[in-house]
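J.: Handing you this structure, nothing more for now.
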Amino acid sequence: HGLGLETEAVMGDAVTFYGADEGFAFVQLAHDGYVGYLPEAALGPVGGPTHRVTALRSFLYPGPDLKLPATGYLTLGARVQVQDSVGDYHRLATGGFVFAGHCTAADVLEPDYAGTAERLVGTPYLWGGRTSLGLDCSGLVQLCLALAGIAATRDADQQERGLGEPLAPDVDGLRRGDVVFW
């Protein structure tokens, strides 16, 4: 197409579905209003997530066994709907199994957003990225704040205008958790 990635949808992101054509769905992300196309097959069941992935990445398996070939992966913050548990694995409503130790209840927060950002040190830069496989600057801020229960817009200029209170330009006065723009 020649069009670049503007943002990523992550498993469990709520969307408004506007229509589909040739296998692609036109949707709007509920948490930040971004619109775009994603594969229609990526749409899952309607219903709230029961769990959230806490590991940087976790594999999806066709059964409750890590010796089976992985069929995909879930990233930090992905929200899933668990149908039931089999041994050490959760069976997902979308199909497949994820290691239960890599998940927590959907409503459990990670309030130390700076600590979450530290866990992501070394993640490669990806324009439009919002996952542990690749992040851009505003995607990092949005992901870490979301895991702490703080809503943030997607783009850095919007984040600068809408998050917190401006600080004096004194670098010595910065504290852990301050978000610096530009």
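J.: Sorted by average packing, counted as other Cβ atoms within 10 angstrom per residue and highest first, what order do 102-112, 77-87 take?
T.: So the order, starting with the most tightly packed, is 77-87, 102-112.
J.: For a Förster distance of 35 Å, can you work out the FRET efficiency between the beta-carbons of Val180 and Tyr37, rounded to the nearest 0.05?
T.: My answer for the efficiency is 0.55.
J.: Sticking with this one: Would you pull out the residues with amide H under 5 Å of Gly12's amide H, same chain only if 5 or more places away, H placed 1.01 Å from N?
T.: Arg79
J.: Of all the accessible heavy-atom surface of region 1-117, with the other protein chains kept in place and a 1.4 Å probe, what percent is carbon and sulfur?
T.: Here carbon and sulfur together make up 57 percent of the probe-accessible area.
J.: For a Förster distance of 25 Å, can you work out the FRET efficiency between the beta-carbons of Val108 and Asp157, rounded to the nearest 0.05?
T.: The calculated FRET efficiency here is 0.20.
J.: Another one. Accessible area per residue of region 63-175 at 1.4 Å probe, in Å²?
T.: Spelled out: the 1.4 Å probe surface of region 63-175, per residue, equals 56 Å².
J.: Further question: Take the alpha carbon atoms of region 120-176, find their center, do the same for region 50-73, and report the distance between the two centers in whole angstrom.
T.: 27
J.: Rounded to the nearest 20 Debye, what is the dipole magnitude of the chain about its Cα centre when Lys and Arg each give +1 and Asp and Glu each give -1 at the C-beta?
T.: Dipole size: approximately 520 debye.
J.: Let me ask something else. Quick one: which residues, 5+ away or cross-chain, put their amide H under 5 Å from the amide H of Phe24? H built at 1.01 Å from N.
T.: Glu40
J.: Rounded to the nearest 500, what is the chain's calculated 222 nm mean residue ellipticity when only DSSP H runs of at least 4 contribute -39500 (n - 2.57) each, over all residues?
T.: -4000 deg cm²/dmol
J.: Taking a point 7 angstrom from the Cα of Ala14 along the C-beta vector, which residues in region 79-108 have backbone N less than 17 Å away?
T.: Inside the label zone: 79-82, 106-108.
J.: Can you work out the PRE-style zone for Leu167? Point 7 Å along Cα to Cβ, and I want the residues of region 110-142 with backbone N under 16 Å.
T.: 113-115, 117-118, 141
J.: Normalising by the residue count of the chain, find the relative contact order in percent from Cα pairs under 8 Å and 6+ residues apart.
T.: 17
J.: Tell me which of Gln28, Ala41, Cys137 sits at the most positive position along the dipole axis of the chain, charges placed on C-beta atoms (Lys, Arg +1; Asp, Glu -1).
T.: Working it through, the farthest residue towards the positive pole turns out to be Ala41.
The values are calculated or read from the model by the stated rules, or taken from the named source; none is laboratory data. These numbers were taken from a predicted model, which means no experiment stands behind them. So basically every Cβ, Gly included, is an ideal-geometry build from the backbone, and we count neighbours across all protein chains shown. Ligands, DNA and RNA are stripped out before the accessible areas are found, and what is left, the full protein with its side chains, is counted by its heavy atoms. Shrake-Rupley method; radii C 1.70, N 1.55, O 1.52, S 1.80 Å.
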